[in-house]
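Taking it in order: structure first as structure tokens, then the write-up.
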Amino acid sequence: MPMIDNYIDNKIGEVLLSKNKEREGNHTKSGKLSASRLGDPLQWQVLYALGVPQKEIDQYVVRKFLRGNQVEDWLVEHLNPISTQEFVEYRNVVGYIDAMCDTSEWENKLGLIPVEVKSVTSMKFKRIAKEGVQKGHRLQAGFYALAKGMTHFAICYVNSDDLRVHTIIEETKNVKDEIDKIITDYENARSSGKIPKFESSEVWQSNIEYSKYPLRMPLTEEEATEKYLVEKQKQ
């Protein structure tokens, strides 16, 4: 009779969790807003910048991120980029561009544009092909174009199951005002010294299962601020 042995799977999970905690522990937060967090609720942006720990992630999520990074690295190689991981800054917000690509051989010839690469599941790949770019991804990629002074940007979605690629190009002017408002709201929140009440910017963020700070979701601004101050005093 066959015997199931989970030693290897469990061991890998333990190693991945350990390495992820080590990376988080070695990461020094600048206090600046990053491009990848432009689509987050204002409360999450402020809490992260202040160094408040997010909800711990489990083995499944760590494995999913690792697989996503592997697939994204694979796609970047096939983009033949002019540069990768270029640091950019705009209004004191920072980010790293996945790839700067020459589109002279693309169907849409737009010169040099920033390209954001995102690995997604088959289900999400189908949804994006039908409904369009996810809001947070649009803001992130649009930020890079804004920081570089470019008129267009692209998001390349790669299906992590079969490596199909779906590329969407948008105009920077269509996201500039929204990005500027997000940055201004963040600056005002940091200057106020208060922790904003939770308000989602996308529907999925209201699901407590996906929340980065679930215990703070039901709190008012006053309650969230008090909770932060109490926790800070205990450190």
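Rank the residues PHE198, PHE87, PHE153, PHE143 as a footprinting-exposure proxy: fewest other Cβ atoms within 10 Å of their Cβ go first. Mind dumping the intermediate values first?
On the way: PHE198 22, PHE87 9, PHE153 26, PHE143 31.
In order of increasing Cβ crowding within 10 Å: PHE87, PHE198, PHE153, PHE143.
What value does region 193-235 have for Rg/Rh, both radii from Cα atoms and Rh as Kirkwood defines it? Please list the in-between numbers first.
Details: Rg = 11.3 Å, Rh = 11.1 Å.
Reported Rg/Rh (Cα atoms, Kirkwood Rh): 1.02.
In plain terms, the residue of MET123, MET1, MET100 with the fewest other Cβ atoms within 10 Å comes first and the most crowded comes last, giving MET1, MET123, MET100. Once the chain from SER191 to VAL230 is taken as fully extended at 0.36 nm per residue, the excess over their C-alpha distance is 12.1 nm. Under the simplified labelling scheme, the GLU89-GLU24 pair shows an inter-label distance of 2.7 nm, with each label point 7 Å from Cα along Cα→Cβ. Each label was represented as a point 7 Å from its Cα along the Cα-to-Cβ direction; for ASP102 and ILE208 these points are 5.4 nm apart.
Mind sorting ARG23, ARG190 by how few other Cβ atoms lie within 10 Å of their own Cβ, fewest first?
Details: ARG23 9, ARG190 16.
Ranking ARG23, ARG190 by Cβ neighbours within 10 Å, fewest first, gives ARG23, ARG190.
The modelled label-to-label distance between ASN174 and TYR60, using points 7 Å beyond Cα along the C-beta direction, is 3.4 nm. The GNM of the chain, with springs linking C-alpha atoms under 10 angstrom apart, assigns the highest mean-square fluctuation among VAL15, VAL165, VAL93 to VAL15. Note on region 1-157: with charges restricted to the Cβ of Lys and Arg (+1) and Asp and Glu (-1), its dipole about the Cα centre is near 560 debye.
Across the chain, the mean sequence separation of Cα contacts (distance under 8 Å, 6 or more residues apart), normalised by length, yields a relative contact order of 20 percent.
None of the figures in this text is laboratory data; all of them are computed from the coordinates on show. Here the structure is a predicted model, which is why all the values come from computation and not from measurement. Note: ideal-geometry Cβ built from the backbone for every residue, glycine included; neighbour counts use all protein chains shown.
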